[in-house]
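First comes the structure, then the notes that go with it.
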Amino acid sequence: MLKAMAMPLHIQNHSRMVCRVALFLCDGLAGSGVVVNRDLVRAAALLHDITKPRSFTTGENHALTGGQYLSRLGFPEVGEIVRQHVILDSYFAGKLPNEAELVNYSDKRVLHDSIVSLDDRMDYIVKRYATTAALQRKARRVWRDSLALEKRIFSYLPIEPDQLSESLAVTPYAKSH
Ligand SMILES: [Fe+2]
C-alpha cells in the first residue's frame, strides 16, 4: 500500500517510528493487564498517513480520506483508527485506553522520525498548520486533550512520558516492529 501510494521515504520513516512508539505503548499496557489489538495498532500506525502524499496537491483532509481509502480496501477497523489519528472522535471513550488513542498519541510524540515531547510536537503543529485564529483555538484544544490522554496512557506504564525515547532505545527493534 505504501508503494502503491508512492509514499515518500520521510513519511515512511515517520510512520515506522510512530509504529514503534505505538507498539511499545501496547506492550507496556499489556504488562499492566490492558490488552489492545496489537495487529490493529501496527497496521493503523504504519498506514496512518497513507493519503498524505496526495493531500499536498489535492488539499484533502488526509485523516478522513485515509480512513475512507482503507475502509474501501476492506479494512474498516484500520480505517476508523486512521480517520481519528489527528483528532479523536471522543477522548476517554472507554474505561481503558484503546487502539485509536494509542495511534493518535504516538503520532503526537513523533516529529519527522524522532521522538519529541508532546509540547514540541504540538508547538510544531500550531506553527505549521494553525494559520487562522479558529485553527489555533482548535489546535490548543487538541493539545489540552492530548495532554490528558498522555496522563491516562502513562498511568498504566512504569515510565514517565519523558523517558519514552530512552526506553524505546533499549527495546529490540524486531520485537517492537
Ligand atoms: Fe497525519
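In summary, helices (runs of 4 or more DSSP H) completely within the range 1-119 and bearing 2 or more residues that are in contact (Cβ under 8 Å) with a residue 60 or more places away in the chain and not aliphatic (A, V, I, L, M) occur at 9-31, 99-107. A single entry from Gly59, Gly74, Gly66, Gly79 fulfils the requirement of being at positive phi and within 16 Å of the ligand (Cβ to nearest atom): Gly59.
Can we say His85 is within 12 Å of the ligand (Cβ to nearest atom), farther than 15 Å from Met5 by Cα and in contact with a helix residue (DSSP H, G or I) (Cβ under 6 Å, 6 or more places away or on another chain)? Yes, satisfied. For the range 133-172, the set of residues classified as touching a Ser or Thr at 6+ places or on another chain (Cβ under 6 Å) and part of a helix (DSSP H, G or I) is empty. Apart from one condition, Arg128 fits all of (1) modelled with pLDDT of 90 or more; (2) surrounded by fewer than 19 Cβ atoms within 10 Å (Cβ to Cβ); the exception is (1).
On inspection, Leu96 does not qualify as under 13 Å from the mean Cα position of the chain (by Cα), surrounded by fewer than 22 Cβ atoms within 10 Å (Cβ to Cβ), more than 16 Å from the ligand (Cβ to nearest atom) and not hydroxyl-bearing (Ser, Thr, Tyr).
The conditions of being within 16 Å of Tyr105 (Cβ to Cβ) and buried (at least 20 other Cβ atoms within 10 Å of the Cβ) are met by Leu25.
The residue that is nearest to Pro161 (Cα to Cα), among those in the range 91-136 that are basic (Lys, Arg) and in contact with a helix residue (DSSP H, G or I) (Cβ under 6 Å, 6 or more places away or on another chain), is Arg109. Scan the range 34-56 residue by residue and report those that are at pLDDT 95 or above and either aromatic (Phe, Trp, Tyr) or exposed (fewer than 14 other Cβ atoms within 10 Å of the Cβ) (or both). Result: Asp39, single match.
The values are calculated or read from the model by the stated rules, or taken from the named source; none is laboratory data. Because the structure is a prediction, the values reported are computed rather than measured. Virtual Cβ from ideal backbone geometry, glycine too; neighbours counted across all protein chains shown.
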